[in-house]
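A short worksheet on the structure shown next.
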Amino acid sequence: MTDPDLLAPSIDPNTKALGIRRVSARNEATTRTVMMVRDHVVITDEKGLNTGPTPLEMALSSLLGCEGVIINRCAEAMNFAYTAVDMEADGEVDQRGSRGVQGVRPYFNWVRMRIRIHTDEPQDRLDRLVRNVESRCPVMNLFKSADVDLEIKWERVEQ
């Protein structure tokens, strides 16, 4: 049964459209890792050396970045007018998990997101946008599949 609120695919659903994403990295026996993503240098580190965000902070950054892309794609498909989106994400991690304590998950227990969209669109259109974004966002769905407790609060900022 199809959900009438969900937008039609923007691609032929019967033809595979596989893509490969490639990242290379070097770690010189420290907590710092330098990655190349296409022509971009990305650095992760732990708070002690502090030469870049931690990998888990990058995971939250990826979540927000992906939301931004999917919001834009869904808005374009719906002719939904907005001028900006402000986003924040907090996540709780029990550091015992990544330090080897059995039975403690090494990733997020929960993530709380706040998404403030600048729009004058009516609430029913915003609700439809939200449903589509949350069903399509690859990174959000990775978090959901990992059983991370996600709380997403959408707010409208009238222009």
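The values are calculated or read from the model by the stated rules, or taken from the named source; none is laboratory data. Please read all numbers here as calculations on a predicted model, not as lab measurements. Ideal geometry is used to build each Cβ from the backbone, glycine not excepted, and the neighbour counts take in all protein chains shown.
For region 84-100, which positions are part of a loop (DSSP other than H, G, I, E, B) and either within 20 Å of the chain's Cα centre (by Cα) or within 21 Å of residue 149 (Cα to Cα) (or both)? Give the steps one after another, and end with the answer.
Initial filter on region 84-100 (part of a loop (DSSP other than H, G, I, E, B)): 93-96, 100.
Selection gives 93, 94, 95, 96.
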| query | Residues 25, 29, 8: which one is surrounded by fewer than 10 Cβ atoms within 10 Å (Cβ to Cβ), over 24 Å from residue 75 (Cα atoms) and over 21 Å from the mean Cα position of the chain (by Cα)? | reply | 29
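Determine whether residue 124 is assigned to a loop (DSSP other than H, G, I, E, B) and among the acidic types (Asp, Glu).
No: the conditions fail for residue 124.
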| request: Test residue 109 against the stated conditions and say whether it is touching a residue at least 40 places away in the same chain (Cβ under 8 Å), in contact with an Asp or Glu (Cβ under 6 Å, 6 or more places away or on another chain) and over 23 Å from residue 42 (Cβ atoms). | output: yes
| Every residue from region 44-73 that is modelled with pLDDT of 95 or more and among the basic types (Lys, Arg) | 73
